[in-house]
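Asker: Handing you this structure, nothing more for now.
The values are calculated or read from the model by the stated rules, or taken from the named source; none is laboratory data. Just so you know, these numbers come straight off a predicted model, no measurement behind them. Here the Cβ positions follow ideal geometry from the backbone for every residue, glycine too, while neighbour counts run over all protein chains shown.
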Amino acid sequence: MPNHTFAAADLGATSGRVIVGRVGPGALDFTEVHRFPNTPVRLPDGLRWDVLALHQGILDGLRASGPVDSVGIDTWAVDYGLLDADGALTGQPFHYRDARTDGVAAREVWPRVPAAELYRITGLQHLPFNTVHQLAAEARSVRLRSAKTLLMMPDLFTHWLTGSIGAEETNASTTGLFDAHTGTWSARVLDGLGIDAGLLPPLRAPGDPAGTLLPHVAARTGQAPGTPVTTVASHDTASAVVAVPATDRDFAYISCGTWSLAGLELDAPVVTDASREANFTNERGVDGTIRYLRNIMGMWLLEECRRTWAGQGLPADLPGLLAGAARARPFAALVDADSPDFLAPGDMPERIRAYCRRTGQPVPEEQGGIVRCILESLALAHRRALRQAAGLAGRDITRIHMVGGGSRNELLCRFTADATGLPVVAGPAEATALGNILVQARAHGLVGDLPSMRRLVATTQELRHYAPGGNRAAWEAAASRVVAEPALPR
């Protein structure tokens, strides 16, 4: 069987890229052919995504890919575009970090669908920017009232490539409008919040055909007329979990990038009161699996520090900052990585210092101390999330797989192994794109079930292994110092 070639358009919160993968018997390799920035735009009415620039980046990447057998798109979750009756975008989509959703859940959503009931139906972790809260924030807007179709971000870009309309289920499951038990849009939530069910497209599953490139897209990109676009696990975390190189079921994963998504793969959702109070989410994965996880602030903390330092003319190169962190005093200061203090863009170093002042800790002034504070705090957040997930789901964990860009950070991987007391397998860093490629390959009959896809990753990709160290007492003491701030009403 000859190798086939697939293009994965993988859009993250800070950049997008198009990666070309080649899959054949026992073979999986890839090349990044195009990378482009994802730079939000602050407009008078809020923070927006520049989706036209992102679409152009996808087209440029497909032109750089050469002939491919299929195209797949994955992006972040929760954000959406609205189309009018003519199929035109009604405006640049809002960014999930826009402040318009502050307090909306308590004011507009929970009085109509109580928080406990919403969780029992959707299984979704409370985050202020969940799609359901974004829609409530603009419920009275002309933009929403005139809209005929809502498309999540990957579905919007797929529509612009193919002209087709659909909603891929792994991304749909992050909206707060999706029933975690039936795998359909929730009539109770839609009716309770007065959301027109006609806004929401028919659902698609990973592997379903999404159409073919429109003639003008094929001409612009140099791809063959009729090149198929395949529905992949379009939520980037769902694609990343496909490429976790696990060889058994007793694993946990951390998809570590702008966010750290730490959790387990389950067969059914966990929607108990204890799970809701611990703020765990149940999102769809490939083949009906459930991604039972918690969103943790992730490398956003470090990247915002780097952005701030670069703007101040201070050193911001990652190797130098990590070397300084390795030399800094352990556990001098720790933060709750999930604190709302750190959600919005801004001067992250000063926010970390302010948090330390408020909690009576030594205030890190040097860059190395701040970076060490971030990495140790993230490792402790990983520990807390995975221990809670295992207890709530009744599962044992024997190892942790760290995938995504953060898996390249040796200090974070080592800290996570030490904090959890579990071995960490790091890699692949490009798990999201690989998961995208593998779902396309399966749709073309080149690979088998989910375990088969993971075995192919395990045998073809470079992985690093970290054993937990001997400083368990120090990590136990550090864990007792960090108290997570409650996210839900009691």
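Asker: Could you tell me whether G26 is exposed (fewer than 15 other Cβ atoms within 10 Å of the Cβ), assigned by TED's automatic domain parsing to the domain that holds L213, at pLDDT below 95 and closer than 24 Å to G207 by Cβ?
Answerer: yes
Asker: Still on this structure, I have one more. Please go through (1) surrounded by fewer than 17 Cβ atoms within 10 Å (Cβ to Cβ); (2) part of a strand (DSSP E or B) for Q56 and return the number of the only condition it doesn't satisfy.
Answerer: (2) is the only condition that Q56 fails.
Asker: Only one of G176, G166 is in contact (Cβ under 8 Å) with a residue 12 or more places away in the chain, in contact with a Lys or Arg (Cβ under 6 Å, 6 or more places away or on another chain) and buried (at least 17 other Cβ atoms within 10 Å of the Cβ). Can you tell me which?
Answerer: Sole residue among the options that is in contact (Cβ under 8 Å) with a residue 12 or more places away in the chain, in contact with a Lys or Arg (Cβ under 6 Å, 6 or more places away or on another chain) and buried (at least 17 other Cβ atoms within 10 Å of the Cβ): G166.
Asker: I'm trying to understand the selection: among the residues of the range 205-245, which are surrounded by 24 or more Cβ atoms within 10 Å (Cβ to Cβ) and not in a helix (DSSP H, G or I)?
Answerer: Within the range 205-245, P206, A210, V229, T230, T231, V232, A233, S234, H235, A243, V244 meet the criteria.
Asker: Here is a further query. Given the criteria touching a strand residue (DSSP E or B) at 6+ places or on another chain (Cβ under 8 Å), at pLDDT below 95 and either in a strand (DSSP E or B) or under 25 Å from G16 (Cα atoms) (or both), does R97 qualify?
Answerer: When the stated conditions are applied, R97 passes them.
Asker: Looking at (1) under 30 Å from G448 (Cα atoms); (2) part of a helix (DSSP H, G or I), find the lone condition where W309 falls short.
Answerer: Going through (1) under 30 Å from G448 (Cα atoms); (2) part of a helix (DSSP H, G or I) one by one, W309 breaks only (1).
Asker: For the range 210-227, state whether one or more residues are free of Cβ contacts under 8 Å to residues at least 12 places away in the same chain, of a type outside the set (A, V, I, L, M, F, W, C) and assigned by TED's automatic domain parsing to the domain that holds G81.
Answerer: Yes, some residue in the range 210-227 is free of Cβ contacts under 8 Å to residues at least 12 places away in the same chain, of a type outside the set (A, V, I, L, M, F, W, C) and assigned by TED's automatic domain parsing to the domain that holds G81.
Asker: Would you be able to say whether some residue in the range 423-434 is surrounded by fewer than 20 Cβ atoms within 10 Å (Cβ to Cβ), closer than 18 Å to G263 by Cα and at pLDDT 95 or above?
Answerer: Yes.
Asker: Pairs needed: first member in the range 246-258, touching a residue at least 24 places away in the same chain (Cβ under 8 Å) and among the charged types (D, E, K, R); second member anywhere, surrounded by fewer than 20 Cβ atoms within 10 Å (Cβ to Cβ) and in a loop (DSSP other than H, G, I, E, B); C-beta distance under 7 Å; at least 6 residues apart or different chains.
Answerer: If the second residue must be surrounded by fewer than 20 Cβ atoms within 10 Å (Cβ to Cβ) and in a loop (DSSP other than H, G, I, E, B), the pairs left are D250/D396; D250/I397; D250/T398.
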